[in-house]
Structure formats: structure tokens, C-alpha cells
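The values are calculated or read from the model by the stated rules, or taken from the named source; none is laboratory data. This structure is a prediction, so every number in the text was calculated from the model and none was measured. Neighbour counts are summed over all protein chains in view; Cβ atoms, including those assigned to glycine, are modelled from backbone coordinates with ideal geometry.
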Amino acid sequence: MKKSLLLASILALLAAGCSTTEINEPMGLNAPFPELENMTADGSEVDLEGNVSGDSLSQTALDELAASGELADRSIYFDYDRYAIKEEFEGLIGNHAAFINKHSAGVVIYGNADYRGSHEYNLALGQKRAVAVKQALEALGVDMSAIETVSFGEEHANQECTGSTCGQDRRADIGYVGE
Amino acid sequence: MIALSGVTHSLEVIEILGGKASQIPIAVTPFKDDDKNNDVQLMHEVIANDLSRSGLFSPIDISGVSQYPYDERDVNFSNWSALQSQFILLGKLRKTAVGRNNLQVEVIWSLVDIYKEKTIMTISLKGPAKQYRLIAHRIADIVYEKLTGSEGIFQTNIAFVKKFNPKQYSLFISDYDGYNPKAILNSKHPIISPRWSPDGKKIAYVSFEKKKPVIYIQNIETGKRTLLANFRGNNSAPAWSPDSRKLAIVLTYSLNSQIYVIKADGSDIKQIMRTRSINTEPTWAPNGKELYFSSDRGGSAQIYKVDMATNEVERVTYEGKNNLSPSLSPDGKLLLFLNQEDRKYRVAVQNLLSNQVLKLTSGPDDESPIFSPNGHMVLFTYKDYGKTSKIGTVSINGLKVTPIDVGSGIIMESTWGPIKN
């Protein structure tokens, strides 16, 4: 109960932070971006799951994941044009945070958006939703380097959704490395 | 006679909107051709469609005319004047076979001013009969430039993505009017944001083939492609600099979408702004010094510009709930974007001097607006009866909306290529 209250207040803070105007902080002009790892010159790739410091799920963890009713829900839904996590998903996030911490699991959060608006802006919006879930997990003690975020934007969305059915696409999904 | 100077034309057209916009009436008559059974017969229709699509011409209905002139000396000025035609385009074809299956066609055509009873030009063009559409586009370009003072775009290409089903996507290039489509990439994964390099040689695009968005640059001629950006997180929204040497791209390397500039060979990356809000959809001002982009830093999506030398940011759009997908006219005076109001996404244009905004399309699900290389037309996607996504053009004066037929499938993420030199 205490834990859920803490999460609620953190989520509220995150939500409040999202709606404020951001100040543009200029960086040093012409300065190279120091921590940016470029793709290698020989064309080899930065692997999505390879970026995650967490472990691939063990067989025990996989079995637990499959058997657990609490962990069956993997999707966090958002309001139109929004990326604040709603109270009703606190329990879901808390269950997964506990599972991740128990198994030192590597996680990938996939962000999504409904079809309305541009593909590129929806990619950014999906990312913001994935980031909101990542930050909620971090607030519950999950190591930030164990979580990777990726957005599919509207690419998996129902292109003919209307009204409330579009809500199905405004979503972030929790995925595990090794499942 | 309408004579408009080149670069200011689009602005003048915008300013005369509101019923006063005029279109040049022109008769485009069939060319004389003894062999009636071939596609070359359609050349005059190709020309008339080109001119019509621009919104600056109204080809007159010639179906009631029993006899067409084929030579400038045969024009009956009073008859054509009675049809309210200001100009007439006429001509004749000569065909010569060069070897087997290689029919050459020569068009000798004239543009005649009916009001002044004077021939403006008589020109002969030759080419392979198979490429009759290209020859017709060439004629339309010459007429367009002569009568508007601006370069025509009828010989340019467009690119678009076709989604056949959730597991089959193709990136196509075609003539600007959708003819001669050719797939340059087939993929099981989504492809978005194709952008033509200003030198016309390459297309940058975003592919999801690595289970996340990464940016490729593909040489159109050779089909060879290189991975431009596969950094941690999402890699998207490529935008070529005017000199084709750099690209603005968007990465989520640091968490949310941020804008970077990278050389076209993948080296020398640097971040343009550092914020916690979304910065995406960068596009270059023609001067190469500023980027326009969309951002939610003010609470809703709006368009801003950043001076890359000083990192100074200025908000550009204020009207509407959200404004997305910016791009600039070639003269840098007009901002083209997607405007959302009352749940409708429409193509809009803002005069950057007066900040007057005009909505060019009616929505409700329009996307991907991009200027033709002369700034007189806009290519965009729309949803047919709210369902299948298709492409079309709208003239910058808002007078002419014309679909582009590229067959079945969901057509999205269209973009316009440069004028070929």
C-alpha cells in the first residue's frame, strides 16, 4: 500500500513535469556530442537488446512469467495526445518492477500511437509514452540501464479506428529480453 | 497576358486568393497523327492534365470542335476566341522507325496567342515513342515557363510508400503524376519518411527492418544503400541540407526525440538543441542556416525554427490545436505544414512575412505535405472516405485538387523529387 502511494506521487510528478513548458538549453556550439556511440565504421550494428544491461530471462523466470496472472497484462494505455501514466496502471507497473528486480531482467518498452497525425510525430509520441513507463519503473528501483525504449509510432496502429477504438493504439508494451 | 516573375509568384498567388484568383484558359488540341492506334495520340491529354493540375490554367473543353488546326497558320482566331480560349497549343507528329521496336516520334508544336493573333513559339521535339509522356511533360514545362515565368515541374519524380498488407511494404518512385511507378525497395517492415537529396541522386528513408527505426540512404541509380544512422533508440526524420552534404536527423539516444545534424557519410554528428520535450520533423530553410521543426515544448505540437549558429529558437505557428510536418517553399517565404483543428488534419500554408494562414485541403486525415520544386503545388496524402490512404496534389492557390492514381494498396509518406538538371 505504501509502495503504491509512493508510485502515485511520483507518477503525479512526472505527469506535472510533462505539461510544463521546457526551456531550451543551448549546448556548446560545434562541440562534438561526447557520449554518443556512433555505429561502427565497418557497418556493423548497434543491437537493440544488446544495449540492455539486464539479463535474458532464465527458464525459471520464463516459467514464472507464463504462469503469473499478475504479469499477463503488459500494456499501459494513454489518453489522446498524452503520455502521462494513469493511476489505473500503477499496479501493473508495480508487478513488473518487482519481477524485473527479482530476476535482474533486461526490458524493452515499446511505445505506440494511434494513426492520426504524422508518422514522424507519432514516432516521437510513442517514444514519450515508452519513456514514461521507463521512468515509472526506475522510480520503483529498476536499474535504468536495464531498460531500452523503442517506438513503433503508428506503424502497428489500426488505420481505420474510430472514437474509443483508437485508444487501443495509444499504448506502451513491456517486453523482456530473452522471451 | 499574365506574366509573373519567378520566385515571388507563389506569394502573389496566395495574396489573390479569395475568389479573385484567375486561371489561364488554354486549348490543347490533338496532334496530327496518321497512325490512330497508339498511345502517342494521348500526348495532348497529358499536356492538358499537367497544366490543369497546376491550378494556374484551365484547359477548355474541346469536345465540340469538329476540326483541329495542326499548323499555326490554320488557327481560326474568331472561332477559338468564341470558345473563350486565350491560348491554343497545337501540333503534328512525325514518326520514324529506328531499327526494330524503336519508334521515334517528332512533335512540331506551336503555342499561339488567340487574343493577340500571334504565334508565341514553334518548337520541334524528338524522342522515343515509348516515352511520349515524358515528351508531353517537356512541352507542358516549356509552355508553363513561357506563360507563368516560373520553371515547370512536370518532368519531376515523386516517391511514396505502398503498404500492401501489414507484412509487405514497398518504396516506389514514379513520374510526378503517378505514371511509370517502380519499386526501389521491398520490405516486410514499415518504411517511412523518404526524402530525396536535392541533387536528385539519393533517397534517405526510415526502415523498421531492425525491429526499430533506422535511417538508410539509397542510391537511386545503383540501388546500393548505406546505413546512415543506427544509434541506440529510434533513428528517424532524415532531412537533407540544401547542398546534399548533411542531414538533420532525429534520435532518441538521450531519451526523447532530439534533432542532430550528421554528414551524409555518417560522420561528424552533433546535437542542435538539448531539451526534454519532443523536437522532431526537422526541415532546412533554403539558406541552410535554420531548421524548422515540430515540438511539444509549449504543451501542444507547434512549429518552431532554430538558428543553427546561435541555437536561438523562435515559435512560428500559433493557430490551431496542433501544427506538424513543416517544410518550406523554395524561396523560403512560405511554410507548409499539417494543421489540426476540430479533430481534422489539413494541409495549411503560412506566409512567413504576414503570418497569414490558409488551409489548402479539407481533411480530415491529410498528411505528408510537401512542395513541388517550384513551390506552386503541394503533394499530400489523404484518406478516401476516411479509409484507404491515397495521394494527390493541390495547387498552391487552392483552386485545383487532383488525385494521383498509383493503383490499389495504402499509399503513404509521399515526397517530391527535385528538378533534374
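A few points about this structure:
- Sole exception among (1) of a type in the set (Gly, Ala, Ser); (2) more than 21 Å from B:GLU45 (Cα to Cα); (3) touching an Asp or Glu at 6+ places or on another chain (Cβ under 6 Å) for B:GLY99, by number: (3)
- When the criteria are applied in full, B:LEU353 fails the requirement of being away from every other protein chain (no Cβ under 14 Å) and touching a Leu at 6+ places or on another chain (Cβ under 7 Å).
- Criterion violated by A:GLY175 - all others in (1) under 30 Å from B:LEU336 (Cα atoms); (2) of a type outside the set (Phe, Trp, Tyr); (3) within 14 Å of chain B (Cβ to nearest Cβ) satisfied: (1)
- Residue in the stretch A:142-155 that is nearest to the other protein chains (Cβ to nearest Cβ), counting only those that are closer than 19 Å to B:VAL250 by Cβ and in contact (Cβ under 8 Å) with a residue 60 or more places away in the chain: A:VAL150
- Among the numbered conditions (1) within 10 Å of another protein chain (Cβ to nearest Cβ); (2) over 30 Å from B:LYS321 (Cβ atoms); (3) not aliphatic (A, V, I, L, M), the only one that A:TYR83 does not meet is (2).
- Summed over the stretch B:198-255, residues that are of a type in the set (Gly, Ala, Ser), part of a loop (DSSP other than H, G, I, E, B) and crowded, with 24+ Cβ neighbours inside 10 Å total 1.
- Residues of the stretch B:112-130 that are part of a strand (DSSP E or B) and under 18 Å from B:ALA27 (Cβ atoms): B:VAL112, B:ASP113, B:LYS118, B:THR119, B:ILE120, B:MET121, B:THR122, B:ILE123.
- Within the stretch B:270-299, if we keep just the residues that are touching a residue at least 24 places away in the same chain (Cβ under 8 Å) and in a loop (DSSP other than H, G, I, E, B), the residue that is nearest to the other protein chains (Cβ to nearest Cβ) turns out to be B:MET273.
- Residue match in the stretch B:170-180 (condition: among the aromatic types (Phe, Trp, Tyr), outside the structural domain of B:ILE62 (by TED's automatic domain parsing) and touching a Ser or Thr at 6+ places or on another chain (Cβ under 8 Å)): yes
- When residues of the stretch B:277-308 are limited to those that are surrounded by fewer than 19 Cβ atoms within 10 Å (Cβ to Cβ) and touching a Ser or Thr at 6+ places or on another chain (Cβ under 9 Å), the one farthest from B:ASN351 (Cα to Cα): B:GLY299
- Summed over the stretch B:313-329, the residues that are in a loop (DSSP other than H, G, I, E, B) and touching a strand residue (DSSP E or B) at 6+ places or on another chain (Cβ under 7 Å) give a count of 6.
- For the stretch B:229-261, filtering for residues that are at the interface with chain A (Cβ under 9 Å from one of its Cβ atoms) and among the hydrophobic types (A, V, I, L, M, F, W, C) leaves 6.
- Restricting attention to the stretch B:358-380, the residues that are within 13 Å of chain A (Cβ to nearest Cβ), in contact (Cβ under 8 Å) with a residue 40 or more places away in the chain and out of contact with any Leu (no Cβ under 7 Å at 6 or more places or on another chain) total 1.
- Per-region count, the stretch B:179-190, residues farther than 26 Å from B:ILE153 by Cα and in a loop (DSSP other than H, G, I, E, B): 3
- Across the stretch B:298-311, the number of residues qualifying as at pLDDT below 95 and out of contact with any Lys or Arg (no Cβ under 8 Å at 6 or more places or on another chain) comes to 3.
- Candidate set from the stretch B:300-312 (those that are among the polar types (S, T, N, Q) and assigned to a loop (DSSP other than H, G, I, E, B)); member that is nearest to the other protein chains (Cβ to nearest Cβ): B:ASN311
- Qualifying residue in the stretch A:156-163 (condition: within 11 Å of chain B (Cβ to nearest Cβ), modelled with pLDDT under 95 and part of a helix (DSSP H, G or I)): yes
- Subset of the stretch B:382-405 that is assigned to a strand (DSSP E or B) and hydrophobic (A, V, I, L, M, F, W, C) - its residue that is nearest to B:LYS163 (Cα to Cα): B:ILE391
- Residues in the stretch B:40-60 that are touching a His at 6+ places or on another chain (Cβ under 9 Å) and either in a loop (DSSP other than H, G, I, E, B) or surrounded by fewer than 19 Cβ atoms within 10 Å (Cβ to Cβ) (or both): 3 in all.
- Filter result for B:SER63 (surrounded by fewer than 21 Cβ atoms within 10 Å (Cβ to Cβ), in the same structural domain as B:HIS44 (by TED's automatic domain parsing), under 30 Å from B:LYS400 (Cα atoms) and at pLDDT below 95): yes
- Flag for B:GLU319 being charged (D, E, K, R) and at the interface with chain A (Cβ under 9 Å from one of its Cβ atoms): no
- If the condition is being among the small types (Gly, Ala, Ser) and part of a strand (DSSP E or B), then the stretch B:406-421 contributes only B:SER414.
- Between B:SER174, B:SER170, B:SER193, the distinction of being more than 9 Å from chain A (Cβ to nearest Cβ), touching a residue at least 60 places away in the same chain (Cβ under 8 Å) and in a strand (DSSP E or B) belongs to B:SER174 only.
- Selection of the stretch B:364-421 for residues being among the β-branched types (Val, Ile, Thr), over 23 Å from B:TYR205 (Cα atoms) and surrounded by fewer than 22 Cβ atoms within 10 Å (Cβ to Cβ) yields B:VAL401, B:THR402.
- Filter pass, B:LEU324 being within 14 Å of another protein chain (Cβ to nearest Cβ), surrounded by 20 or more Cβ atoms within 10 Å (Cβ to Cβ) and modelled with pLDDT of 95 or more: yes
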